[in-house]
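Any read-out appearing in this document is the output of simple, stated calculations on the displayed coordinates, not a laboratory observation. Keep in mind the model is a prediction, meaning the values are calculated, not measured. A quick note on method: Cβ atoms are made from the backbone with ideal geometry, for glycine too, and the neighbour counts reach across all protein chains shown.
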Amino acid sequence: MDRYRASNLRSATRVSPGRRSIHRLHVSVTPNVLRPTDTLAVVGDIHGESRRLRRALDRLANTTLSIVFVGDYVNRGPDSRGVLDQLFLAKRRLGERVTLLRGNHDQALIDFLDGGDPQVLVAHGGVPTARSYLDRRRGGFDEFRDSVPQEHLALLNSTEDSFETDSVLVSHAGFNPSDPSSRSAADMRGAGFRAMFDHVGTWPSPLTVCGHFIQRDQRPFLSDRLICLDTGCGSVDDGPLTALYLPSRDIETF
């Protein structure tokens, strides 16, 4: 596991193609010790990587931290079933300490299980998800639907659009720069707004934390007002699962 501390604000910049440079926090390696002042852990996109989730839960479950998952538990990666198994058990064991937000990939699976077009799920990387449920058994999408346990469907349906305190807004896709006050499902977990990364107007919260936008360098995007935790877990080779600790803004990868 790697651990970083976000420090030295505006010490580095990140430039994306077609986008003006925006300031980023510098990250430096720190000892693998949780700060006693931290009260919240926010965990990024998982995408079927059950082994990385297991390492994160082994780390977090025995702390007193509240844990918020930003969503996109399924699709792309090899073991979406194992991910939902672990989250179901974590929620049952830890109760209100765990908040599960909904991502667009989770919504795609919910829609499919509710009778939706399987090709929409396929377009979201759902074939590995189906395989994780069918195991080595042969079957199609109907067999896949029938193999999903009711507790998994109930868990997915219980996921929330956002988590918010006086100091932070957490949602899968961030916020709508044209309407920062919106907490609609479409804005919290829809296609997302890349303009958010260049936003200079009113912010919805002192800090916004999201996933959804893959950081191809496998490092979280860190700025004074916005942190993106999608570091490619399940989406790119060896992409880590990333957790943010608040209020310290320390980062740990699994």
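Per-residue packing, averaged as other Cβ atoms within 10 Å, sorts the ranges 69-78, 173-182 into the order 69-78, 173-182, beginning with the highest. In a shell of Cβ-Cβ distance under 9 Å around Val74, excluding Val74 itself, what net charge do Lys and Arg (+1) and Asp and Glu (-1) give? That works out to 0. Peptides 192-205, 223-236 ranked from most to least packed by the mean count of surrounding Cβ atoms within 10 Å: 223-236, 192-205. Computed per residue of the chain from DSSP H runs no shorter than four, each worth -39500 (n - 2.57), the mean residue ellipticity at 222 nm is -7500 deg cm²/dmol. If only the Cβ of Lys and Arg carry +1 and only the Cβ of Asp and Glu carry -1, the dipole of segment 59-152 around its Cα centre is close to 460 debye.
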